[in-house]
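Taking it in order: structure first as structure tokens, then the write-up.
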Amino acid sequence: MSSSETTPHWVLQQKKAFRAWVDSQIAERGLKLPGEVDEAFEDGLYLLPLAEVVSQDKAPKHVKKPRMRIQKIENCSLALGLLVKHGFKPDVAPENFVDKDTVLVMGFIWQLFVTWVGGQGDKSGGKASADDLLKWVQSRVQDNERYPGVPVDNFSTHWQDGKLVSALLDSLSPKILDYESAALDDPVSAWSAALDAAEDWLDVPQVLDADDMVVDKPDDKSVRMQVELIRQAYLALQDDVDSGALFPDDTPVEADAPAVTDAAETAAPPPRRRKRKDPRDDISRDELIDTLLDMYSKINSDCLACPECATDLTQWAADHNARVPELPAPQQ
């Protein structure tokens, strides 16, 4: 019997959700966790970029190829130190990552999410309480005649059938997802449509799998993570959503506007949706220089004149040249 067959479903769902959130953060560095989320941080090489992304700060130089336990602990310590610098108080030690302590590592990820995403910078995480988030959902869905018979009292069983998440998105704007025309008879289809709509229009990463919701009791932290991401995305785009600016192709034609010809209708572009931008577009000159120095460090001193190495380096720099901002001219 495999370990996945003996592990409780809520644990498996939580691991997938937490990993998906971490991947969504480090994606801007072109990274993705190589394995289980509770094991991927053991040498600090993925923990460091995660800490840098959420804190929007740069970590000190670290061991890039840690092989010894002390080197791995040092890397993890640098990552935690960066978070502590910004007021975070982790309930985990560097050794816990190296030892792949599932309970403590998962607790750390949840604490990090609650602090930086749900807490909106409040390092106590107070603003991210389950009650606060639930009240926000209730304020939009509960007692609304558009969503009859949709309960809103927890982050587990009330979200199973996909009706509540569909109602929530519809309450933000029917242009995101129209509750009245949604396929609500099938929970998997309802959840799939809702997750796709949230990602397409609000750029919300999908940390849940629709199939994982069709169980007796979905993991409440995983559901809460998805709903919190929806809330934060909406708050960031609220003006555009409420004004309709997020849906420019749906703007009605004014009465005195010239009529649209058949040819123009045929040539009309498809509805625009928000797309994730390529994280490489945000590469900074400092990151480019760090990468170049790292490449140089890998070249043996006896072969610095090697034309193959020089060609590879030149080609790499040329490929990225258009993405790197020009340095300002020195002050006279």
Exercise. Based on what the data block shows, is Asp91 in a loop (DSSP other than H, G, I, E, B) and exposed (fewer than 14 other Cβ atoms within 10 Å of the Cβ)?
Worked result: yes
For this session: Restrict the check to region 33-50 and report whether at least one residue is outside the structural domain of Asp209 (by TED's automatic domain parsing), of a type in the set (D, E, K, R) and in a helix (DSSP H, G or I).
Result: no
Seminar exercise, completed: The residue that is farthest from the chain's Cα centre (by Cα), considering only those in region 174-191 that are surrounded by 18 or more Cβ atoms within 10 Å (Cβ to Cβ) and among the small types (Gly, Ala, Ser), is Ala182
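Yes/no matrix, rows are residues, columns are (1) of a type outside the set (Gly, Ala, Ser); (2) farther than 15 Å from Ser156 by Cα; (3) in a helix (DSSP H, G or I):
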position: Glu199; (1), (2), (3): yes, yes, yes
position: Pro205; (1), (2), (3): yes, yes, no
position: Asp212; (1), (2), (3): yes, no, yes
position: Asp216; (1), (2), (3): yes, no, no
position: Lys221; (1), (2), (3): yes, no, yes
position: Arg224; (1), (2), (3): yes, no, yes
position: Leu229; (1), (2), (3): yes, yes, yes
position: Ala236; (1), (2), (3): no, yes, yes
position: Asp242; (1), (2), (3): yes, yes, yes
For this session: Output the residues belonging to region 125-170 that are part of a loop (DSSP other than H, G, I, E, B) and basic (Lys, Arg).
Result: Arg146
Problem set entry | Subset of region 80-108 (residues that are modelled with pLDDT of 95 or more and over 20 Å from His62 (Cβ atoms)) | Asp101, Thr102, Val103, Leu104, Met106, Gly107
For this session: Test each condition in (1) surrounded by fewer than 21 Cβ atoms within 10 Å (Cβ to Cβ); (2) modelled with pLDDT under 95 for Thr115 and report the one that comes out false.
Result: (1)
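The values are calculated or read from the model by the stated rules, or taken from the named source; none is laboratory data. What you see is a predicted model, and the numbers here were worked out from it, not measured in a lab. Positions of Cβ are generated from backbone atoms using ideal geometry, with glycine treated the same way; all protein chains shown enter the neighbour counts.
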